[in-house]
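Remarks on the structure that follows.
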Amino acid sequence: MSNDTNKPLFNVVAIIGIGLIGSSIARAIKKYGLASKVYGYAKTNSTRDTAKKLGYMDEIYDNAIETVKDADLTILCVPVGANLSVIMRIGEHLKPGSILTDVGSVKGSVMKDIEPHISKEIIFIPGHPIAGTEFSGPESGFAEIFQKKWCILTPSDNCIKVKLNLLISFWESCGMFVDVMSAEHHDLVLAITSHVPHLIAYNIVGTASDLEKVTRSEVTKYAAGGFRDFTRIASSDPVMWRDIFLNNKDAVLEMLGRFVEDLTALQKAIRWSEGDKLEELFVKTREIRKSIILKENETDNLNEENKV
Ligand code: NAP
């Protein structure tokens, strides 16, 4: 994957926060030739040292202002709750006419935090590449993480079209499909497809570890497929997920309300031995799984055909 012209899309890209996503973006920029220079800022010495050793950035700074002042594209790659303190530091030092974006998993609160601290000369286009793993830190990133995944952008209605298209090209060159929608809609969709499932995983693993009649070693020893999958999800970064729930409260609580109602209906069906109700749901959910796999295969086939 590279951009169509094979000319870098940006002169300088600045990445604030060199963790899983920030380091993956830096690697993708280098691999696909998307910028002439990539500068990075990390808060701690250890992250800066590791990123330097890995060598996928041209400069690594301990000063966020220095990192962004010449950048044509600045990407905030810090936990959602850290965006406010970062933008308060760098907001007035961003280059006029440059694009500012972020990768946060929540969009409404991030927009509220950032918008008051930037001038009208900065083109702010919030974003969320829906790609990740349960790992974090600068060593865990890889350029291919974005391949065939979706990126959602939530620009304001008056966003400059050329700049929006440039950012779309950037993510497409990283291998992503791009959708544009409102921040509210993003937060609602992600609440049910990502945030509530993570909460369920954290909760079920927590419940299993608190059980009195089943020992912890039994939980570990007999962990079958389903529970193992939950433990993988529940090992995701604690700070990142704390911030997601605190910043997407309304949508998560709305979806959780629906989830609890449906769970209560299932509880009742089990209590009253209503096997038909259970089976009806399980047939429906199996179909949903099939349609997801089918969609993924169609996308793979389309990409193969386009290569020819
Ligand atoms: P990560 O691996 O934990 O990296 C976060 C980075 O942010 C770290 O390098 C950390 O710096 C830095 N940081 C933390 N607090 C900071 C502060 N107050 N000021 C400056 N830097 C700070 O996390 P990640 O997975 O890359 O996630 C980053 C963002 O991507 C989050 O907003 C998350 O919602 C979003 N996202 C994550 C995924 C995923 O699956 N992980 C997917 C899509 C989007 P130090 O290392 O120096 O402490």
Which condition does residue 151 not pass, out of (1) hydrophobic (A, V, I, L, M, F, W, C); (2) part of a helix (DSSP H, G or I); (3) under 25 Å from residue 7 (Cβ atoms), if it passes all the others? (2)
If we keep only residues of the range 231-265 that are surrounded by fewer than 15 Cβ atoms within 10 Å (Cβ to Cβ) and β-branched (Val, Ile, Thr), then the residue nearest to the chain's Cα centre (by Cα) is 239
Any chance you could count how many residues in the range 79-113 are touching a residue at least 12 places away in the same chain (Cβ under 8 Å) and within 12 Å of the ligand (Cβ to nearest atom)? 21
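A quick yes/no check of all residues on (1) part of a strand (DSSP E or B); (2) within 13 Å of the ligand (Cβ to nearest atom):
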site	(1), (2)
6	no, no
13	yes, no
18	no, yes
36	yes, no
43	no, yes
47	no, yes
52	no, yes
Complete set of residues in the range 130-140 that are within 7 Å of the ligand (Cβ to nearest atom) and either open to solvent by 20 Å² or more (accessible area, probe 1.4 Å) or within 23 Å of residue 48 (Cβ to Cβ) (or both): 130, 132, 133, 136, 137, 138, 140
Please verify whether the range 208-216 includes one or more residues that are loosely packed, with under 11 Cβ neighbours inside 10 Å, among the acidic types (Asp, Glu) and without any contact (Cβ under 8 Å) to a residue 40 or more places away in the chain. yes
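The values are calculated or read from the model by the stated rules, or taken from the named source; none is laboratory data. This one's a predicted model, so the numbers in the text were calculated from it and none came from an experiment. So basically every Cβ, Gly included, is an ideal-geometry build from the backbone, and we count neighbours across all protein chains shown. Ligands, DNA and RNA are excluded from the accessible area calculation, which covers all protein heavy atoms including side chains. Shrake-Rupley method; radii C 1.70, N 1.55, O 1.52, S 1.80 Å.
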